[in-house]
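FYI, it's all coordinate maths here, none of it is from the lab. All figures in this text were calculated on a predicted structure; none of them were measured in a lab. Don't worry about glycine lacking a Cβ; one is built from the backbone with ideal geometry, like all the others, and counts go over all protein chains shown.
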Amino acid sequence: MGLKSPHLLLASSNPNRMLANLSHILDASACNVIRSEIDKNVKLLFDLGESHYLFAKQLAKSHWRQRISRLYYGAYNARRAINLHEDGSFGTDVDDHKKTGLPDKLNNSSTYTNQLRVLREDRNLSDYDHTASEADLVLTQDEAERFVTDFLKDARLYLVSRGIAL
């Protein structure tokens, strides 16, 4: 038995907490179905991030706005995958972009948390400031790509080590 749509699960605001509450009334088999659905969404979020990253890498550097934006979304969705798995947090509103924190158990978590903030600011500049030039970025394109490459590598290792099949 699979769950039909992730919307109910993710709309719970915290599917891990929901599962903990339901575990008192559901049998182990039903709880495993919910856990599998959560894990499937973790994988899909990570895959979405990787897709943005791979798209960004294909773009010419003259398209700096699009490269920075897609690199950011690569890292952003990997962060969302980690946090959904780790603490059940999930959001789709604009405030979710401000949540750059990562679990201490992730290699280089404090560096990645800080770099995510910086890359978010660069993404905002790229996407919304019509007067901006590439020189206004805090991270160069190469620095942003290197950061996202390293972050995705460590995020993958982290999630795989916790049983997520990526």
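Observations
- Of all residues in segment 103-134 being acidic (Asp, Glu) and in contact (Cβ under 8 Å) with a residue 12 or more places away in the chain, the one that is farthest from His63 (Cα to Cα): Glu121
- Among residues of segment 42-60 being free of Cβ contacts under 8 Å to residues at least 60 places away in the same chain and crowded, with 19+ Cβ neighbours inside 10 Å, the one that is nearest to the chain's Cα centre (by Cα) is Leu45.
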